[in-house]
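Notes follow once the structure below has been shown.
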Amino acid sequence: MIETPRDLVPRFFEKTAQTYDRVVNLTTFGKDKYWKKEILKKISPCHTILDLACGTGILTFQIAGKFPDAAIVGVDVTESYLAIARKKLKSHHHVTFLHEDAEKLSLESKFDCITSSYLPKYCNPETLIKTCLKHLNSDGKIILHDFTYPKNNIVKSLWNLYFIILKVIGYFTPSWRSVFEDLPRLIRSSNWIHQYENAMKRKGMQVEVQLLTWGCSAVLTGTKKI
């Protein structure tokens, strides 16, 4: 029995690293690239950036491209994903990858900006925000992105139909079967925007929410004003 969303992490990611980049692009109809561009727009010029749940480094390397002089640290709990990310490293990249749990992170460094794509729904909001603030400089930003369940009835119907189709496809792609079956249930049950927004506000952060693609995705930005 699944007790928490965290229990899904090994099932989703232990065997999907090799195909992740291609699958996330195909299954989002290329919207993953657009969503990450929206994340990049919210990153102010800075010197140090922490990318949580960096996976294969898709967002991490886009950040490195926009801020070539910044020191960037990517963190992920799944070693197979980090192995793919490390293979993408070039000599000019100022990027370090660490095998760490985002909720239990305890680094000596602090950062001007902390980003993450697709992490919030798996974590405890209070725990993750507390950990992020410990690693965030004054006036720094926390930028979180994830899927959301659309509220518009027409979009919601199309969304539900699409995941039925993905579930069928999952029978022919065993490594992704669990993802296509369980991810829609997780997204429907998650209220991560409201929970993280409240957690940030309780810590005195200035918060902004941007809904994307008819409410199927969102970016939550919190600015530390302490």
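Taken together, the values in this text are just the output of simple stated rules run on the coordinates, not laboratory data. What you are looking at is a predicted structure, and each value in this text was computed from that prediction instead of being measured. Because the Cβ atoms are built from the backbone with ideal geometry, glycine has one as well, and the counts that use them run over all protein chains shown.
A few points about this structure:
- Whole-Hz ³J(HN,Hα) from phi, Karplus 6.51 cos²θ - 1.76 cosθ + 1.60, for the stretch 85-100, glycine and proline x: 4, 5, 5, 7, 4, 10, 4, 8, 6, 9, 10, 10, 10, 10, 8, 9
- Charge dipole of the chain about the Cα centre (unit charges at C-beta), most positive-ward option of S175, A71, S117: S117
- Principal-axis tilt of helix 192-202 within the chain, Cα atoms, nearest 10 degrees: 20
- Using distinct alpha-carbon pairs, which all enter the 1/r mean, Kirkwood radius of the stretch 122-207 in Å: 15.1
- With the simple model of a label 7 Å out from the Cα in the direction of the Cβ, L161 to N124 spans 4.1 nm.
- For the stretch 79-226: span of alpha carbons on each principal axis (Å, largest first): 46, 37, 26
- Annotation for the stretch 32-103 versus the stretch 168-188: alpha-carbon center distance of 26 Å.
- Within the chain, helix-based [θ] at 222 nm, where runs of 4 or more DSSP H residues each add -39,500 (n - 2.57), nearest 500: -13500 deg cm²/dmol
- Averaged over residues, the count of other Cβ atoms within 10 Å places the peptides 113-120, 12-19, 90-97 in the sequence 113-120, 12-19, 90-97, highest first.
- Kirkwood hydrodynamic radius over Cα pairs of the stretch 89-135, then Stokes diffusion coefficient at 37 °C and 0.692 mPa s, in µm²/s: 268
- For the stretch 48-178, the dipole from Cβ point charges (+1 on Lys and Arg, -1 on Asp and Glu) about the Cα centre works out to 500 debye, to the nearest 20.
- Size of electric dipole in the chain: Cβ of Lys, Arg +1 and of Asp, Glu -1, about Cα centre, debye, nearest 20: 500
- Peptides 168-180, 64-76 ordered by average Cβ neighbours within 10 Å, highest first: 64-76, 168-180
- Cross-link partners for K90 among the lysines, with Cα-Cα distance under 20 Å and sequence neighbours closer than 8 places in the same chain left out: K66.
- Candidate aspartates and glutamates for bridging to K110, where Cα separation is under 14 Å - those fewer than 8 sequence places away on the same chain excluded: D51, D139
- Cα-Cα pairs of the stretch 74-113 separated by more than 11 Å (percent): 68
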